[in-house]
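The values are calculated or read from the model by the stated rules, or taken from the named source; none is laboratory data. In this text, all values refer to a predicted model and were calculated from it rather than measured experimentally. As a convention, Cβ positions derive from the backbone with ideal geometry for all residues, glycine included, and neighbour counts pool all protein chains shown.
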Amino acid sequence: MQKIVDFIQSLYNTKEFIPLHEPKFGGNEKKYLNDCIDSTFVSSVGKYVDLFEKNFAKKIGSKYAIATVNGTAALHISLILADVTKNDEVITQPLTFIATCNAISYIGAKAIFVDVDLDTMGLSPRSLQEFLEANCKIENNTCINTQTNKIIKACLPMHTFGHSCQIEEIKKICDKWNISLIEDAAESLGTYYKNKHTGTFGKIGAFSFNGNKIITSGGGGVIVTNDEVLAKRAKHLTTTAKVPHPYEYVHDEIAYNYRMPNLNAALLVAQLEQLDGFIENKRDLAIRYKELFNDYENIDFINEPEHSKSNYWLQAVLLKDLKQRDAFLDFTNKKGIMTRPIWKLMNELDLFKDCFCTSLDNAKYLEQRVINIPSSVRVRK
Ligand SMILES: *Cc1c(COP(=O)(O)O)cnc(C)c1O
């Protein structure tokens, strides 16, 4: 295992601590930030929010983009836009970051966990279909869970570590069952499924620009959609439902202060300009890791699955079993190389233990074996 440590230290050209993922600010960040500060428009009003929304929508091929204060807020609003209300059910995957499930809980809706695919680590269309066929019926154009008599309003798959799940197949099933598809694309900016950007398959997509994501605004998120009505409503709901007026404060519903400040947007406009370079760098890193782990029978490097052109946001390996996983984690972290196991399954947290689950064999398999390894954009010397 020392060979792996040496290799990673040479990749990053240091013997010091190597984090899992650090941001890179190598473009116009300071220029735009200074411009933003000089303008005094650092908060909710300012040109960088508009510019970012325009640039982002264009970049991923969506009609509209609405910037938010973080990715969780983007998910929360996305669910409201899909008309998910208290007592509804939302199908998602147990192998995800907690934000996905928190957003469902904010509304008072309940998560249903279906299994993931082994190659994509994202929601499995086969598991989804089996669950629906065994438990659901369509009545008055709505999908009813006959076990609970509740409406299944939405399906919320996640593109794990920047690898696309089988989103086209999932969309087909959702369409057939009248379930709104919302994509948690927080990790998959720059990832394409069959040449179409992730986050643009469903009714709505949500992205995150937290400090550890592929590009960052410190904190931030965005909602994308092709539906003009939903886009306008997203803007309204994220800006305290203030009715536009030159000086009057009139609000027409209880809404949220979820807008992205102009300062963060200034940073993000500069980051977005560098996205293609970051992805090229990460895809190159993936090739190097793949070569390294070819020599290890018990360690599989996780490649992009079929049809996915992945951003390789977080690089990952799969170990043979839990014991090996822990030995790898111990060794690398002791040597100052940050590695981290994949998330605990959401259904195993006390918070979600009463949610319905299908058999989760694949999710459990991955939970015990997958580790993230250093994935920052490398400075090439
Ligand atoms: C990062 C992330 C989010 C959003 O996180 P924020 O920190 O609120 O921006 C949501 N879902 C997943 C899967 C994520 O990785």
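Sort out which residues of segment 68-96 are in contact with a Lys or Arg (Cβ under 7 Å, 6 or more places away or on another chain) and more than 10 Å from the ligand (Cβ to nearest atom), and write them in order of number.
L81, A82, D83, V84, N87, D88, E89, V90
Quick one: what pairs do we get from segment 95-109, first residue farther than 14 Å from C155 by Cα, second more than 8 Å from the ligand (Cβ to nearest atom) and of a type in the set (D, E), C-beta under 8 Å, 6+ apart or different chains?
L95/E367; I107/D88
Residues that are within 20 Å of the chain's Cα centre (by Cα): list the strands (runs of 3 or more DSSP E) wholly contained in segment 221-320 that include at least 2 such residues.
221-225, 315-319
Taking K323, is it without any contact (Cβ under 8 Å) to a residue 12 or more places away in the chain, outside any loop (DSSP other than H, G, I, E, B) and of a type in the set (D, E, K, R)?
yes
Look through segment 191-212, keep the residues that are assigned to a loop (DSSP other than H, G, I, E, B) and surrounded by 24 or more Cβ atoms within 10 Å (Cβ to Cβ), and return whichever of them is farthest from the ligand (Cβ to nearest atom).
Step by step, filter segment 191-212, then rank; the result is G202.
Go through segment 47-78 and count every residue that is farther than 20 Å from I104 by Cα, polar (S, T, N, Q) and in a helix (DSSP H, G or I).
1
Please state which of the following conditions F328 fails to meet, knowing it meets all the rest: (1) surrounded by fewer than 18 Cβ atoms within 10 Å (Cβ to Cβ); (2) among the hydrophobic types (A, V, I, L, M, F, W, C); (3) more than 22 Å from G122 (Cβ to Cβ).
Result: F328 passes all but (1).
Would you say T85 is part of a loop (DSSP other than H, G, I, E, B) and touching a Gly at 6+ places or on another chain (Cβ under 8 Å)?
Taking the combined requirement at face value, the residue satisfies it.
What about C165, is it within 16 Å of the ligand (Cβ to nearest atom), under 13 Å from the mean Cα position of the chain (by Cα) and not assigned by TED's automatic domain parsing to the domain that holds I279?
yes
Residues are listed down the side, and each one gets a yes or a no for (1) modelled with pLDDT of 95 or more; (2) crowded, with 16+ Cβ neighbours inside 10 Å; (3) touching a helix residue (DSSP H, G or I) at 6+ places or on another chain (Cβ under 6 Å):
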position	(1), (2), (3)
I337	yes, yes, yes
R340	yes, yes, no
D350	yes, no, no
F356	yes, yes, no
S359	yes, no, no
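Select from segment 106-131 the residues that are part of a strand (DSSP E or B) and in contact with a Pro (Cβ under 6 Å, 6 or more places away or on another chain) and list them in ascending order.
Scanning segment 106-131 gives F113, L123.
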